[in-house]
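Input: one structure, supplied below.
The values are calculated or read from the model by the stated rules, or taken from the named source; none is laboratory data. Note that the coordinates shown come from a computational prediction; the quantities given were computed from them, not determined experimentally. All Cβ positions, glycine included, derive from the backbone under ideal geometry; neighbour counts span all protein chains shown. Areas reflect the complete protein model, heavy atoms only, side chains present, ligands, DNA and RNA absent. Shrake-Rupley method; radii C 1.70, N 1.55, O 1.52, S 1.80 Å.
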Amino acid sequence: MATIRSITAREVLDSRGNPTVEAELQTDDGTFRSMVPSGASAGVHEALELRDGGSRYMGKGVKKAVGNVNKIIAPRLIGMEISDQRSVDKVMIELDGTENKSRLGANAILPVSMCVCRAGAASEGLWLYEYIRAMGGFGDSVLPVPQLNIINGGRHAGQENDIQEHMIMPVGVKNFAEAIQMASETYHSLKSLLKERFGARGTLIGDEGGFVPPIDNVRDRLELVIKAIEKAGYSTREIKFALDPASSEFFYDGVYRIGEQEMQSGEMVDFYTDLVSSYPIISLEDGMAEDDWDGWIELTKKLGSKIQIVGDDLLVTNTKRIQRAIDLRAANSVLIKPNQIGTISETLDAIKMAYKAGWTAVVSHRSGETEDSFIADLVVGATTGQSKFGAPARSDRNAKYNRLLRIEEHLGTRSKYGGTI
Ligand code: PGA
Ligand code: ZN
């Protein structure tokens, strides 16, 4: 049993060089630090990320959020019992008092919520993943099948009107360490193919560590990834594809626009159906825009029995939107990003709601990340079986993969790999 002795926050930098919030919490067991990530293609229904505006850091400063932790959140939480995550989160939700955490900012609330979880784990002498598993009442810990974004596009690469993420999923392996090896070898094979074809400029990378080659057609990009898989000595039996078009970014007044091509909702669904019949795609995230509910329903009807249909901007880790999608059969999987909703309790609620409906859940990073590896413990503890943490490159991404390697070792023979996909 431990209580909160102090909480402070500071402004630090994320992987894109933008300010973000780090919170620091003390109990008798020690000091616990947590940082929040930040999206570039954020959904309009997400909890609010509070930015200062003005000229400092191009308006992206987070001094207001830092001040909210120090002056509003800390005084209320000091003395509270660390093991009661839900009560602490509830106090912060009530202090904020808005639907989307716009008064204090999700970037003020979440790092404190994460620190409370870390301190709770320490007070019981548990690894963070073990503590999350126990707190949520989840089953056996599972190492995730990673979705690795090896070709970046769209907003993550300074481009418009194109597919954002081309991911590989090593499904045909026994454990996570093998999956990462396979992914890394494929990543490096892709790099050498790109260098052969385009020279050094073909190997430039985007926000999530994947390459940004000058190839303007999704089919040509996927063909090249297949070549990379084969060059690395594998096949599409063991390595499947996942796509995140992040289509809200190319949806204008009811029309989807990819390059020069303009498509209505139904045509967009046909576009994906063709892609899925040509390539080993097993997961499609944000194929439709965040408020195109009819489009989502049509997509799920057409492809939902064959592949995973993941809602990110559509659902924003929010149980109200997830419930609506369950009722409408508008998806069959939810992307889980803690900073879309703002507390750990609500994040776990979203995961549980998905499970109850027979859906899958994929725990995800943001394009702007930090060295904080909380989500690695979250994915194992919440037993979702799938992660989305970027390419196997750049330390903001590899902080998560390296943590998963440590967890796999810690679990030893109790370790399980793989999702329900
Ligand atoms: P974001 O993108 O972190 O830039 O919002 C990630 C995603 O769309 O999944
Ligand atoms: Zn997404």
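Would you mind checking which residues have amide H under 5 Å from A361's amide H? H placed 1.01 Å from N; only 5 or more apart, or other chain.
Here V334 satisfy the definition.
Tell me, what is the percent relative contact order of the stretch 136-414, built from C-alpha pairs under 8 Å that lie six or more residues apart? Please report the intermediate quantities before stating the final value.
Values: 548 pairs, mean separation 61.1, N = 279.
So the answer I get is 22 percent.
About its Cα centre, what dipole magnitude does the stretch 341-421 give when the only charges are +1 on Lys and Arg Cβ and -1 on Asp and Glu Cβ, stated in debye to the nearest 20?
Details: 11 positive and 9 negative charges, 52 e Å.
Using only the charged Cβ atoms, the result is roughly 260 debye.
Compute the helix-to-body angle for 265-278: its Cα long axis versus the longest principal axis of the chain, expressed 0 to 90° and rounded to tens.
70 degrees
Please check: in the Gaussian network model of the chain (C-alpha springs, under 10 Å), which one of L204, L148, L104 has the largest mean-square fluctuation.
In the Gaussian network model the winner is L204.
Taking Cα atoms, how many degrees apart are the long axis of helix 293-303 and the longest axis of the chain, rounded to 10 and kept between 0 and 90?
Approximately 60 degrees, to the nearest 10.
Which listed residue (I78, L104, F32) has the Cα farthest towards the positive end of the charge dipole for the stretch 6-125, taking +1 on Lys and Arg C-beta and -1 on Asp and Glu C-beta about the Cα centre?
Of the listed residues, the answer is L104.
Give me the angle, in degrees from 0 to 90, between the Cα long axis of helix 176-198 and the longest principal axis of the Cα atoms of the chain, rounded to the nearest 10.
Between the helix axis and the principal axis of the chain, the angle is about 50 degrees.
May I pose another question? Counting only heavy atoms of protein chains, what accessible area per residue, in Å², does the stretch 267-337 have with a probe of 1.4 Å? Please report the intermediate quantities before stating the final value.
Values: 2510 Å² over 71 residues.
I get 35 Å² per residue for this part.
Note down the accessible area of V212, probe 1.4 Å, to the nearest 10 Å².
Roughly 30 Å² of V212 is accessible to a 1.4 Å probe.
Same structure again: Set the Förster radius R0 to 25 Å, insert the Cβ-Cβ distance between E94 and E11 as r into 1/(1 + (r/R0)^6), and round the FRET efficiency to 0.05.
Numbers: r = 26 Å, r/R0 = 1.03.
About 0.45, to the nearest 0.05.
Just the number, please: percent antiparallel of the DSSP beta bridges in the chain, rounded to the nearest 5. Don't skip to the end; give the middle numbers.
Working: 32 of 51 bridges.
Among the beta bridges of the chain, antiparallel pairing accounts for roughly 65 percent.
Evaluate the distance, in nm, between pseudo-label points positioned 7 Å from the Cα of K71 and of Q261 along their respective Cα→Cβ axes.
Result for the modelled spin labels: 5.2 nm.
Pop a pseudo-label 7 angstrom from the Cα along the beta-carbon direction at both K195 and D28 and give the gap in nm to one decimal.
5.7 nm
Residue farthest toward the positive end of the dipole of the chain, with Cβ of Lys/Arg at +1 and Asp/Glu at -1: which of L194, G153, S373?
S373
Separate question: Which FRET efficiency, nearest 0.05, do D220 and D253 yield, Cβ-Cβ r, R0 30 Å? Before the final figure, lay out each step's value.
On the way: r = 29 Å, r/R0 = 0.96.
Working from the Cβ atoms, E equals 0.55.
Quick check: at a probe of 1.4 Å, how many percent of the accessible area of the chain sits on carbon and sulfur atoms?
On the way: 7480 of 16150 Å².
Percent of accessible area from carbon and sulfur atoms in the chain: 46.
For the chain, give the magnitude of the charge dipole about the Cα centre (Cβ charges: +1 Lys/Arg, -1 Asp/Glu; no others), in debye to the nearest 20. Don't jump to the answer; show the numbers that get you there.
Values: 49 positive and 58 negative charges, 164 e Å.
In debye, rounded to 20, the chain gives about 780.
Any idea how far the Cα center of the stretch 243-295 sits from the one of the stretch 142-212, in Å?
Distance between centres, Cα-based: 21 Å.
Just T347, T273, T370 to compare: in a GNM of the chain, with alpha carbon springs under 10 Å, which one fluctuates most?
Of T347, T273, T370, the most mobile in the Gaussian network model is T273.
Let me check something: with ligands and nucleic acids excluded, how do T383, T413 order by accessible area (1.4 Å probe), largest to smallest? Spell out each step's value before the answer.
Working: T383 30, T413 145 Å².
Accessible-area ranking of T383, T413, largest first: T413, T383.
Quick one: ranking E290, E371 by accessible area, 1.4 Å probe, largest first, what do you get?
Highest to lowest solvent-accessible surface, that is E371, E290.
Okay, moving on. If I282, I336 are ordered by their accessible area, calculated over protein heavy atoms with a 1.4 Å probe, which sequence runs from highest to lowest? Walk me through the intermediate numbers first.
Details: I282 40, I336 0 Å².
Output order, biggest surface exposure first: I282, I336.
Quick one: how many Å² of I72 are accessible to a 1.4 Å probe, rounded to 10?
Ignoring ligands and nucleic acids, I72 comes out at about 50 Å².
Roll a 1.4 Å probe over the protein heavy atoms and report the accessible area of W359 in Å², nearest 10.
Counting only protein heavy atoms, W359 exposes about 20 Å² to solvent.
Is there a quick way to get the dipole size of the stretch 6-125? I mean about its Cα centre, with the Cβ of Lys and Arg at +1 and of Asp and Glu at -1; what is the value in debye to the nearest 20? Display every interim value, and only then the final one.
Working: 15 positive and 16 negative charges, 112 e Å.
About 540 debye.
What does the helix-only formula give at 222 nm for the chain: each DSSP H stretch with n ≥ 4 adding -39500 (n - 2.57), the total divided by the residues, and the result rounded to the nearest 500 deg cm²/dmol?
Working: 14 runs with 162 residues, N = 421.
Estimated from H runs of four or more residues: -12000 deg cm²/dmol.
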